[in-house]
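Everything on this sheet refers to the single structure shown next.
The values are calculated or read from the model by the stated rules, or taken from the named source; none is laboratory data. Keep in mind the model is a prediction, meaning the values are calculated, not measured. Here the Cβ positions follow ideal geometry from the backbone for every residue, glycine too, while neighbour counts run over all protein chains shown.
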Amino acid sequence: MRNDYLWDGSGEPDPEVQRLERLLSEFRSYRPAPELPAANRYPSARLRWTAIAATVVVAAAGAWLATRTPPEGWQVARAGSGSGRLAVGETLETGAGGHATVKIGDIGVVEVEPNSRLRLIRARRNEHRMALEVGLIHARIWAPPRSFVVDTPSAVAVDLGCSYTLAVATDGAGLVKVTTGWVSFERDGRESFIPAGAACQTRPNLGPGTPYRQEASPAFRQALQDFDFARGGDPALTAVLSEATRQDAFTLWHLLMRGEPGQKERVYDTLAGLVPPPAGVTRAGVLRGDRKMLDDWWDQLGLGDTTWWRHLEGKWPESGAGR
Amino acid sequence: MDTTFALSADFGTNPSVSASPVVSISDDAELARAARHGNRAAFGRLYDRYSRMVHGILLARVPRSEVDDLVQDVFVLALRQLSALRDDGAFGGWLAMIARNRAYDYHRRSREWIELPENLPAADRRTPEALAVMEAIRKLPESYREPLILRLVEGMTGEEIAARTGMTAASVRVNLHRGMKQLRQKLDCEGRS
């Protein structure tokens, strides 16, 4: 669109915006690119042969060392008992009163609380995976999304770049509370996207419930739990919808893909009252699960854009998965 | 079941707006692919294209004195992690996410440090007026802060912001306009008081 000065500098200049542009240009940076390892060059023939010979020696030494180096793993520091290494396939138990700090390669740190048991499944440079069988962990991950995955008995927690707390009860139920960034809770194609300040529960055989604000009203949370896990049906949904505020819109957005026929229509109407759908998003389209329309509506919620996680994972919560 | 847990983003009429052409995502994909295979020149081109975006994202979140160093960190980290990027066409959105995560990580690591006030007289060569406007922007919600800084500080157009960060143009437009409205209100209030 032209003639929108704030958008692209076109049209009639807005004096206030021009003033701010002048003032704030002081904050621009002109620093050059960082020093990076030198690019590959073409060495002389002599150097090439020397390099080839050196490569053979290094490869042989590497093969020998491979039989001697410990398997991939994570560094673990335990309160009062020093540090050690957790190898792939091994289990870490903290016990009553125990606590451990686990360094996840160079991408993050997990604090493990007492009475927790976890197993290391994979420890590669760009892919780290563990199973939390029971207990409580606090994860802080600063790598790109999907670098760190935690299996629980009832869902898989996928880090989308964030810090969060994850608990697993002895019956396999789980709860994730997100502090910064995003977590995705996934199982059998059913996904919940949980932003900072939100939480999501999961149950064995049912998978992830609907994410909600940690500060949502108790009545809202209870009704949502009933709807998700206790076959609360229409009465529970009615309570959820009547308690929902503008800030709960992301919860209702998830429910658009989860309710049974008849329920989705009610969710649509309530959500439209809280956050009007943008142009091009129609009731019929949303109710049939039109992905673009749902994405466009999500982008109106003020929680960031759908685009980045779509590109990164290409997954989508299953439409019509009623309970 | 009662489960209880113990839990405690021809512009010739205005020289301050980016004159760079609209981003070609396919070019970026080519550059990302080449960079992944060790082509440092390709990575340098990506730096040229994206350093303003990364700078703006960080400026919206961390103290100004830390921003330049963190920009460098973000690109070094991106280079190391490039093999994890599944869709080269999504490079911009992926890099933006790394920058946001680096900002979160900065705050996590510096929790125990006391931050110096940003407006110490000798600490900054910027004009008091510019500092005041920047502080007003930094008090806006995050979803408005980032596009406003990319537009007003980095000189990117709305279209460029959308293309580089992977956000939709509609979303950037809404956030720019809502953010600008809130910024005007804040500046008006401060001007009166």
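Looking at (1) within 20 Å of residue A:99 (Cα to Cα); (2) part of a strand (DSSP E or B), can you tell me which one residue A:128 breaks?
Against the list (1) within 20 Å of residue A:99 (Cα to Cα); (2) part of a strand (DSSP E or B), residue A:128 comes up short only on (1).
Mind checking which residues of segment B:127-175 are among the charged types (D, E, K, R) and farther than 26 Å from residue B:47 by Cα? I'd like the intermediate steps shown before the answer.
Filtering segment B:127-175 for residues among the charged types (D, E, K, R) gives B:129, B:135, B:138-139, B:142, B:145-146, B:151, B:154, B:159-160, B:164, B:173.
Scanning segment B:127-175 gives B:129, B:135, B:139.
State yes or no: is residue A:131 of a type in the set (Gly, Ala, Ser), closer than 22 Å to residue A:154 by Cα and in contact with a strand residue (DSSP E or B) (Cβ under 6 Å, 6 or more places away or on another chain)?
Spelling it out, residue A:131 is indeed of a type in the set (Gly, Ala, Ser), closer than 22 Å to residue A:154 by Cα and in contact with a strand residue (DSSP E or B) (Cβ under 6 Å, 6 or more places away or on another chain).
Results for (1) among the small types (Gly, Ala, Ser); (2) closer than 25 Å to residue A:201 by Cβ, shown as yes or no for each residue.
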{"residue": "A:72", "(1), (2)": "no, no"}
{"residue": "A:87", "(1), (2)": "yes, no"}
{"residue": "A:116", "(1), (2)": "yes, yes"}
{"residue": "A:136", "(1), (2)": "no, yes"}
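Here are some conditions: (1) more than 19 Å from residue B:104 (Cα to Cα); (2) more than 9 Å from chain B (Cβ to nearest Cβ); (3) at pLDDT 90 or above. Residue A:188 meets all but one. Which one does it not meet?
Looking at each condition in turn, residue A:188 falls short on (3).
For residue B:154, work out the one condition from (1) part of a helix (DSSP H, G or I); (2) within 9 Å of chain A (Cβ to nearest Cβ); (3) modelled with pLDDT of 90 or more it doesn't fulfil.
Residue B:154 satisfies every listed condition except (1).
Please count how many residues of segment B:66-103 are surrounded by fewer than 18 Cβ atoms within 10 Å (Cβ to Cβ) and among the acidic types (Asp, Glu).
Looking only at that region, the number is 4.
Of all residues in segment A:138-149, which are in a strand (DSSP E or B) and either out of contact with any Phe, Trp or Tyr (no Cβ under 9 Å at 6 or more places or on another chain) or surrounded by fewer than 23 Cβ atoms within 10 Å (Cβ to Cβ) (or both)?
Answer for segment A:138-149, where residues must be in a strand (DSSP E or B) and either out of contact with any Phe, Trp or Tyr (no Cβ under 9 Å at 6 or more places or on another chain) or surrounded by fewer than 23 Cβ atoms within 10 Å (Cβ to Cβ) (or both): A:138, A:140, A:148, A:149.
Consider segment B:57-68. How many of its residues are more than 9 Å from chain A (Cβ to nearest Cβ) and part of a helix (DSSP H, G or I)?
Residues that pass the stated criteria total 4.
Under the condition of being facing chain A (nearest Cβ under 9 Å) and in a helix (DSSP H, G or I), which residue from segment B:134-143 is modelled with the lowest pLDDT?
Checking each candidate, the answer is B:142.
Condition first: farther than 24 Å from residue B:151 by Cβ and more than 7 Å from chain A (Cβ to nearest Cβ). Now tell me which residues in segment B:40-56 satisfy that. Quick ask: steps written out before the conclusion?
Start the filter on segment B:40-56 by keeping residues that are farther than 24 Å from residue B:151 by Cβ, which leaves B:40-44.
Matches in segment B:40-56: B:42 only.
Output the number of residues of segment B:159-191 satisfying the condition of being modelled with pLDDT of 90 or more and acidic (Asp, Glu).
Of the residues in that region, 2 qualify.
Given the options A:173, A:169, A:157, name the one that is within 15 Å of residue A:228 (Cβ to Cβ) and of a type in the set (A, V, I, L, M).
A:173
Scanning segment B:9-65 for residues that are surrounded by fewer than 22 Cβ atoms within 10 Å (Cβ to Cβ) and among the acidic types (Asp, Glu), which turns out modelled with the lowest pLDDT?
Checking each candidate, the answer is B:10.
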